[in-house]
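J.: Before I ask anything, here is the structure I am working with.
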Amino acid sequence: MAEVSEDQLRQKVRDLLDEVDPAEATQYEFRGAQFDRGLSRVDFPVGKGGLGLSPKAQTVVEEELRGGSRYWHDLHVNPIGIGMGAPTVLAHGTEEMHHRLLRPLFTGEEIWCQMFSEPGAGSDVAGLATRADLDGDEWVVNGQKVWTSLAHRSRWGMLVARSEPDAPKHRGLTYFVVDMTLPGVEVRPLYQITGEAEFNEVFFNDVRISDSMRLGQPGQGWNVAITTLMNERVALGGGVPTRGSGLIGVLVSAWEEIQGQADGQGAAEAVRRQVLRDRVVRLWAEAEVLRLTNWRARTQASVGTPGPEGSVGKAVSAELNQRIYECLIDVMGSPAMLFPQGYPMKRPDLSDGASHRDAPPVKGFLRSRANTIEGGTSEVMRNILGERVLGLPKEPGVDKNTPWSEIPRN
């Protein structure tokens, strides 16, 4: 396709808004039309939701869409599918998979989940034990996955399983796209301190998966998983909001509210507010540095698969979110000791990890404790940055060339 100028791209989005009124259309109708016009991911090929442009051009589309009367953000529609599933399927899937999976993924008609972690293999993903045995043109899968966000709502899941137990752990894995409605797939809730179960355990009991749903070659699933993980870091690292918006904007608003209250609390309260002001200003500066860093990372990842730099945004945003919420709770004072939402013990439709902006402050504070665990712990992120970005020596890997079946496990 011929190169599209920024003005032409903006006009394409305006034509979409004129022809499919977001105030009248459903999410599926509007986002389906967006996909058909190549405006879902402009860096994707023509006919697959894109226009073959630079990923940077997607910011132009997002700017125009936000000006419409109604806007469905990717992270609210299908965070795991759009952020991780789509680029993995595009890079490693067949043409048939592209045309079957990408459109309903972008519209949100089919939600996705990611099934890598296991009870005995969390940070060490390559140590996983879920088995996949080839039987004719099907794979028979048995095992357990854990911390699977949105599995209870998902139609499709990204699964890595061990197909060659006598090979070293990184070489004996195979990657599948799994229909979560298949017989033998069981999803059980895991409740969090918010009283909600965004996460799940997933059990596979003789689940038969067609070989046509395999991504990559048998035994080469680790290479496919790297594509997913690198895109996960970028997705969880956060987007590039406008200056002062998002969670830091909530904190600043809360600070301005207590500043507007009458100061009749004496010297102790005056000192408390001075200390809080210093914390708010420091956090605002950190949030702005992160925002600009994410801009730079997005520019650097404008071609090809994202690299380890995505771990910077993920690690920093996870810990910064927690510190901002801690400060917000302190600004709120004694009301923050209450959780008026209660503990509903329910299974939400979407993961609150996709966006903290709409969550009540106390709930957001509780939910943020998971930020430094989900999507790779902060310790794992630091290892990635140290080894793959800074070039520091790798941690000793005594089992790198040892057959997985011979590695001691508890």
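J.: Quick check: residue separation of residue 373 and residue 19 times 0.36 nm, minus the Cα distance between them. What number comes out in nm? Please report the intermediate quantities before stating the final value.
T.: Numbers: separation 354, 0.36 × 354 = 127.44 nm, distance 4.32 nm.
Extra length from residue 373 to residue 19 when fully extended: 123.1 nm.
J.: Quickly work out the residue 26-to-residue 330 label distance, labels modelled 7 Å from Cα along the C-beta direction, and quote it in nm with one decimal.
T.: 4.8 nm
J.: In terms of the ratio Rg/(2.2 N^0.38 Å) built on C-alpha atoms, what value belongs to the range 143-294? If you can, show how the numbers build up before the last one.
T.: Working: Rg = 23.7 Å, N = 152, 2.2 N^0.38 = 14.8 Å.
That ratio works out to 1.60.
J.: Normalising by the residue count of the chain, find the relative contact order in percent from Cα pairs under 8 Å and 6+ residues apart.
T.: Values: 681 pairs, mean separation 59.8, N = 410.
Taking the mean separation of contacting Cα pairs over the length of the chain, I get 15 percent.
J.: Now for a different question. Give the angle, between 0 and 90 degrees and rounded to the nearest 10, that separates the Cα long axis of helix 6-19 from the longest principal axis of the Cα atoms of the chain.
T.: 90 degrees
J.: Here's something else I'd like to know. Let's test the formula: R0 of 51 Å, r as the Cβ-Cβ distance of residue 124 and residue 274. What FRET efficiency results, to the nearest 0.05?
T.: Numbers: r = 46 Å, r/R0 = 0.90.
The computed FRET efficiency comes out at 0.65.
J.: I want to check the label-to-label distance for residue 245 and residue 131. Put each point 7 Å from Cα in the C-beta direction and report it in nm to one decimal.
T.: With each label placed 7 Å out from Cα toward Cβ, I get 5.1 nm.
J.: Here is a further query. If I model the range 362-410 as equal point scatterers sitting on the Cα atoms and use the Debye formula, what is log10 I(q)/I(0) at q = 0.27 Å⁻¹?
T.: The computed values of log10 I(q)/I(0) come out as -0.96.
J.: Just how far, in whole angstrom, is the range 87-130 from the range 1-74 if you go by their alpha carbon centroids?
T.: Using only Cα atoms, the two centres lie 24 Å from each other.
J.: Please list log₁₀ I(q)/I(0) at q = 0.12, 0.14, 0.16, 0.17 Å⁻¹ for the range 134-232, using the Debye equation with identical point scatterers on the alpha-carbon positions.
T.: Values returned for q = 0.12, 0.14, 0.16, 0.17 Å⁻¹ are -0.41, -0.55, -0.71, -0.79.
J.: Please give the charge dipole size of the chain, origin at the Cα centre, charges +1 on K and R Cβ atoms and -1 on D and E Cβ atoms. Round to the nearest 20 debye. Mind dumping the intermediate values first?
T.: Numbers: 45 positive and 55 negative charges, 178 e Å.
That gives a dipole near 860 debye.
J.: Same structure, new question: Rank-order 3-12, 200-209, 83-92 by packing density, defined as the average count of other C-beta atoms within 10 Å over each peptide's residues, highest first.
T.: Working: 3-12: 13.3, 200-209: 18.8, 83-92: 23.1.
Highest-to-lowest ranking by the protection proxy: 83-92, 200-209, 3-12.
J.: Given Cα positions, please report Rg to Rh for the range 1-92, the hydrodynamic radius being the Kirkwood one. Write out the running numbers ahead of the final one.
T.: Working: Rg = 12.6 Å, Rh = 13.4 Å.
When Rh is taken as the Kirkwood radius, the ratio is 0.94.
J.: Give the carbon-plus-sulfur fraction of the accessible surface of the chain in %, rounded to a whole number; probe 1.4 Å, heavy atoms of protein chains only.
T.: Working: 10100 of 19580 Å².
That share works out to 52 percent.
J.: At 10 °C and a viscosity of 1.306 mPa s, what translational diffusion coefficient does Stokes-Einstein give for the chain, taking Rh as the Kirkwood radius over Cα pairs? Give it in µm²/s as a whole number. The partial results should precede the final answer.
T.: Numbers: Rh = 23.0 Å.
The calculation lands on 69 µm²/s.
J.: Shifting gears a bit: Run lengths n ≥ 4 of DSSP H only: what is the helix-derived mean residue ellipticity at 222 nm for the chain, with -39500 (n - 2.57) per run over all residues, to the nearest 500?
T.: On the way: 12 runs with 158 residues, N = 410.
So the helix-based figure for the chain works out to -12500 deg cm²/dmol.
J.: Write down the accessible area per residue of the chain in Å², having rolled a 1.4 Å probe over the full set of protein chains.
T.: Details: 19580 Å² over 410 residues.
Per-residue accessible area for the chain comes out at 48 Å².
J.: Please report, in cubic angstrom per residue, the volume enclosed by the convex hull of the alpha-carbon atoms of the range 14-153.
T.: Numbers: hull volume 18.9 nm³, N = 140.
Convex hull of Cα atoms, per residue: 135 Å³.
J.: How far is it, in nm, from the label point at residue 319 to the one at residue 109 when both lie 7 Å from their Cα along the line to the Cβ?
T.: 4.4 nm
J.: Given a Förster distance of 35 Å, report the FRET efficiency between residue 212 and residue 343 from their Cβ-Cβ distance, rounded to the nearest 0.05. Walk me through the intermediate numbers first.
T.: Values: r = 43 Å, r/R0 = 1.24.
Once rounded, the FRET efficiency stands at 0.20.
J.: Show me 270-282, 50-62 ranked by packing, highest mean number of other Cβ atoms within 10 Å first. Write down the numbers at each step before the final one.
T.: Numbers: 270-282: 13.5, 50-62: 18.5.
Sorting 270-282, 50-62 by mean packing, highest first, produces 50-62, 270-282.
J.: Can you bin every Cα-Cα distance in the range 79-123 into 5 Å intervals starting at zero and give me the percent of pairs per bin, rounded to whole numbers?
T.: 5, 22, 27, 20, 12, 8, 6, 0
J.: Still on this structure, please answer the following. Going highest first, how would you order 155-163, 321-329 by mean Cβ packing within 10 Å?
T.: On the way: 155-163: 24.4, 321-329: 20.6.
Result, highest mean first: 155-163, 321-329.
The values are calculated or read from the model by the stated rules, or taken from the named source; none is laboratory data. Since we're looking at a predicted model, the values are computed, not measured. Backbone-built Cβ (ideal geometry, glycine too); neighbour counts: all protein chains shown. The accessibility values were calculated without ligands, DNA or RNA, using every heavy atom of the protein model including side chains. Shrake-Rupley method; radii C 1.70, N 1.55, O 1.52, S 1.80 Å.
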